[in-house]
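All of the numbers you see were taken from the coordinates with simple rules; none came from a lab. Predicted model only: the values in this text are computed from it and were never measured. Don't worry about glycine lacking a Cβ; one is built from the backbone with ideal geometry, like all the others, and counts go over all protein chains shown.
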Amino acid sequence: MQNTPASTADQAPPAPARDIAESFGTGAWSFTPDVVDVFPEHVRASVPFYDAIQDLVAEAADWLVPDGGLVADLGAATGITVQRIADRHPGRRIRAVLYDNEPAMLRRAEQALASTPTGHVDYVTADIQDGPLQHTAADLTLALFTLQFLPMPDRLAALRHARDASAATGALIVAEKVRPPDSRWAEIGNDASHDWKAAHGIPDTAIRAKARALRGVLQPYPQHTLTGMVTAAGWCAPEVLFRWHSWLVLGAFATVGGL
């Protein structure tokens, strides 16, 4: 009997592409060059409402960054945030300083910003907690999903260095994953985030792999801990700008009333 090929309907669907998180062992997550290659897609699928947060920051720049003003991005990765701000304000020639401790991230950021209408941009490979930072008088300082990877003393040090390098009228925007103090909200938030990622194309195996890889690497603390660190570092008037379960955006100013 002659064998006949199976119909298309009978053939198994192709296996989903292996997510970058699945290449890391337990507690071994790192922003390697391989992560850099897929970072924009990965972070959009991993952080709920990531693009909405980026839009929020770019819109806030309407008020916070004047013509020729300076944006300092601490943990800039591939430069997504500065690019979003510059694209929204092409006539302002906004200057920027991008910090990251991964040179590959900054190389990708420089490529991305090459065709973006910015003023002068500096790219600084550094650990932001070590300081001092290599800029002064920043109108807007950003730390988006950066501090959550640092031990507590280093987070406070980074925020203090940022305050020292801020303009008197400057502002700070921090985004990070936080831990709800009540275990009931924590359970809801964890499962809701899992559902969001699954709905955006990340298979359960990759979600579990990322969670394992981040053990001890990503260190979420409650919202009040972040607020306390921000004020202890010298920033004023902390305000929640966005929150969805465990995902938080906090704003603050360098001085009370800009004085």
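Things worth noting here:
- A simple packing score, the average count of other Cβ atoms within 10 Å per residue, orders the peptides 115-121, 77-83 as 77-83, 115-121, with the highest score first.
- Once the C-beta distance of residue 256 and residue 191 is scaled by a Förster radius of 30 Å, the resulting FRET efficiency is 0.15 to the nearest 0.05.
- 3J(HN,Hα) along the range 81-94, derived from phi through the Karplus expression 6.51 cos²θ - 1.76 cosθ + 1.60 where θ = phi - 60°, amounts to 5, 5, 4, 5, 5, 5, 5, 6, 10, x, x, 8, 6, 5 Hz, with x in place of Gly and Pro.
- Model label sites at residue 115 and residue 168, defined 7 Å from Cα along the beta-carbon direction, differ in position by 4.3 nm.
- Most simply put, the chain has about 40% antiparallel DSSP beta bridges, counting only bridges with both residues inside it.
- Helical content of the chain, expressed as a calculated mean residue ellipticity at 222 nm, amounts to -12000 deg cm²/dmol (DSSP H runs of 4 or more residues, -39,500 (n - 2.57) each, divided by residue number, nearest 500).
- Rounded to 10°, Cα long-axis angle of helix 223-232 versus longest principal axis of the chain: 30 degrees
- Potential extension, residue 212-residue 244 segment - 0.36 nm per residue separation minus Cα distance: 9.3 nm
- Angle in degrees between helix 204-213 and the longest Cα principal axis of the chain, rounded to the nearest 10: 50 degrees
- Evaluated with a Cβ-only charge set (Lys, Arg +1; Asp, Glu -1), the range 99-144 carries a dipole of roughly 160 debye about its Cα centre, given to the nearest 20.
- Matching label, Cα extents along the principal axes in Å computed from the structure shown, candidates (1) 82, 54, 30; (2) 88, 46, 29; (3) 80, 74, 43: (2)
- On the beta carbon distance between residue 154 and residue 184, with R0 = 30 Å, the FRET formula returns roughly 0.45.
- Using alpha-carbon coordinates, inclination of helix 183-199 to the longest axis of the chain, degrees: 60 degrees
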